[in-house]
């Protein structure tokens with residue numbers, strides 16, 4: 001069930017997870033160093049639904065599983081139109097700025113690192129993407145998700161304006 005781009009029910013979805021980054025965190029105490037791990041995970045069904053999560057634990061596998069559970073709690077629905085996005089979009093989170101642009105069939109996913117994981121999890125197969133500013137994977141994932149959540153489906157735009165879908169594309 002989708003309400004305002006948020007997916008409420010995850011029971012019938014086949015979600016695939018992708019590990020974006022693992023960060024080893026060291027805490028220095030009187031007794032020595034204590035290591036813990038933070039994992040950023042992106043989940044999606046490769047058909048327009050994606051979510052991200054952060055898991056922190058003393059072991060890598062536990063951090064990844066916590067990240068997956070966290071990602072399943074904040075899924076969003078993204079309009080995918082013929083393997084690409086309906087229009088250009090920019091977004092910013094922290095110091096990371098992202099720009100995504102639709103591409104013709106056969107272009108592939110022209111994006112790096114954290115953005116690639118998010119875009120492939122959504123099911124976008126042809127897109128041009130550029131990250132400007134910070135390359136921090138945390139902020140890049142959040143900025144990419146923000147850009148995807150602002151995308152609007154042509155049918156919804158036509159319905160809101162009270163015109164036909166063809167008229168939306170003509171201007």
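Along the Cα-to-C-beta direction of residue 14, a point sits 7 Å from the Cα; which residues of segment 34-61 have their amide N less than 18 Å from that point?
Of the residues in segment 34-61, 43-51 have backbone N under 18 Å from the label point off residue 14.
By average Cβ neighbour count within 10 Å, what is the ranking of 157-165, 136-144 from highest down? Could you put the intermediate results ahead of the total?
Numbers: 157-165: 11.7, 136-144: 23.1.
Result, highest mean first: 136-144, 157-165.
Below 8 Å between Cα atoms, with a sequence gap of 6+, how large is the relative contact order for the chain in percent?
Over the chain, the number comes to 19 percent.
Measure nothing fancy, just the Cα-based angle from helix 113-122's long axis to the longest principal axis of the chain, in degrees from 0 to 90, nearest 10.
Once rounded, the angle reads 50 degrees.
Can you tell me the relative contact order of segment 86-166? Whole percent, Cα pairs under 8 Å, sequence separation 6 or more.
36
With axes computed from alpha carbons, what is the tilt in degrees of helix 60-73 against the longest principal axis of the chain, rounded to the nearest 10 within 0 to 90?
Relative to the chain, helix 60-73 is tipped by roughly 30 degrees.
Between residue 25 and residue 105, what FRET efficiency follows from the Cβ-Cβ distance if R0 is 30 Å, with the result rounded to 0.05?
Result of the calculation: an efficiency of 0.10.
Rule-based calculations on the coordinates, nothing more; no lab input. Remember, predicted model here, so these are calculated numbers, not experimental data. Counting neighbours? That spans all protein chains shown, and the Cβs are built from the backbone with ideal geometry, glycine included.
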